[in-house]
Amino acid sequence: MGEREETIYLKHYVKQHPDNKMAWYLLGKEYTIQGKEAKANYCYLQSGTVYEAFERKKHPLLAETPQEAIATYNRQRRKRRYLSRAVLLSIILLAGSVFAPGTPWKLERSLPGANKSAVQAVPAAVEADVLNRTAVVFASEATAEAAGEAAAPLLYGGMKPAYGLTVHQEEQDEWTLWTGAADVLMSVTSSLDGSRSDVRWHSNEACRCEAEPAADAPGFLEEWKADRERQWVLAGAIEHYRQREGTWPKTLGELARPYPDNALSGVSARMSELFPQVMKQLKSYRDEGNGGFNGSSSPPAEVSGAGAAAEPLNAGIDDNLPDEPLEIVIDRANYRLALKSGKTIIRSYAVGLGGEKTPNGTFHISEKVRNPNGRDNGEFGSRGMTLSDTLYAIHGTDEPDSIGKDESLGCVRMLREDLEELYDMVTLGTKVTITSGVLPDHKSQPAQRFKLEPKADETNPSKVYRWL
């Protein structure tokens, strides 16, 4: 039976008017009538407060904000797809071994009333293990040789991921561009016991063959990258906290305190989940020297007060990404500010400078303040980050035309949207280097901005800022 006429009309309408929350709510009701719960829930999440107004209750998936709920819903939906594929592959491979010539197999179980089937249900514990065993590795080149070398841990490691991707990220000069074009070279799906793996090529150029479409791989990669960014931010906040306080933070809340201790400008539900795992990996790295914080280290004992352990970030596999904490590099020659880890540029923004008044040198973020001088639209914009307790700062501006020019008295000016994203990604103690002739001109921005929900007061009404 085809779809109801009302459903078809509403589907077309929300495509044309994606911001119409009432239309999303009505489409959700249509799917509820049809018994399509997953689709209905997605529409209800898009409808936001309209659902609450008409149903007189909050949707159970709307834990914090609609955006976070939708992201969580999408992540869980993709994981279920990957789980289904991995379980299906395991069943196929198991069936292949069951009915292989010379392989003994008893179809009937001896227990009375048992299900007489060669294929048994997958236990819940095994399903959870599959969901945890996902990984992404990066190849140095978009070639079959480089892809094969990078994929080695996906195929031959002790803990093979249930689903893994090999990816080549766009490069420029000596830099890897995190938000540049990503070429998914291959995917690997392994059986539950790790004895068999299914390898599929997704790049015609790499395999020199007729490759399969990547299907859900780009969406999975996008979500994986978002988690990796949260991991970088958390690792930087934790490490800088340890350097300042001489001890490890016991909870995520210790990193998102009010000004002037606002190492993080906020938190998110997913960062709360990741915090225990990042803490474990950093403690292992610093205390035992077992690896970096990219998911490759063996975690030590549970961190007191950190809560339940999060999912492994990369199935215990080194993703070939740099371990260095996030740093800021400002290039006076081409008016660019980059947030980077090692030779990977995570973000790159256009900035305004002060010519020779902007000093070369190495600094650190010594202060983060929201709405300096009590305004979000004043001469310093909505955010400010002081450099090494000087009068130099990275801040906003009420003169957007000055971006790309030398019109400040030495400070670094940024557009509001760029500044607010950078402010959320860097922590107190972040290293800042001002130099010339090192950054590419590439503008590196993601499809969706990094954003934290503020949890504490980051204003400083007692001070009048006079940055240069």
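Every read-out reported here was derived from the displayed coordinates using simple, explicitly stated rules and does not represent laboratory data. Fair warning: this is a prediction, and the values are worked out from it, not measured in the lab. Note that each Cβ is placed from the backbone with ideal geometry, even for glycine, and that neighbours are counted across all protein chains shown.
Please give the FRET efficiency for E37 paired with I8, using the beta carbon to beta carbon distance and R0 = 22 Å, rounded to the nearest 0.05.
0.65
How much length would be gained if the chain were fully extended between A269 and R449, taking 0.36 nm per residue of separation minus their Cα-Cα distance, in nm to one decimal?
63.2 nm
State the answer as a single residue: which of L26, L10, C43 lies farthest towards the positive end of the charge dipole of the stretch 5-62, with beta carbon charges of +1 for Lys and Arg and -1 for Asp and Glu, about the Cα centre.
C43
Specify which residue in the list S341, M414, N377 is farthest towards the positive end of the charge dipole of the stretch 327-435, using unit charges on the beta carbon of Lys, Arg (+1) and Asp, Glu (-1), about the Cα centre.
S341
Determine the dipole magnitude for the stretch 5-62: charges of +1 sit on the beta-carbon of Lys and Arg, -1 on that of Asp and Glu, nothing else is charged, the reference point is the Cα centre, and the result goes in debye to the nearest 20.
It comes to approximately 140 debye.
Give me the net charge for the shell around E171: Cβ to Cβ below 15 angstrom, other residues only, Lys and Arg +1, Asp and Glu -1. Kindly include the intermediate steps, with their values, before the conclusion.
Working: positive: K340, K343; negative: E141, E170, D173, E174, D183, D441.
Taking every other residue near E171 into account, the sum is -4.
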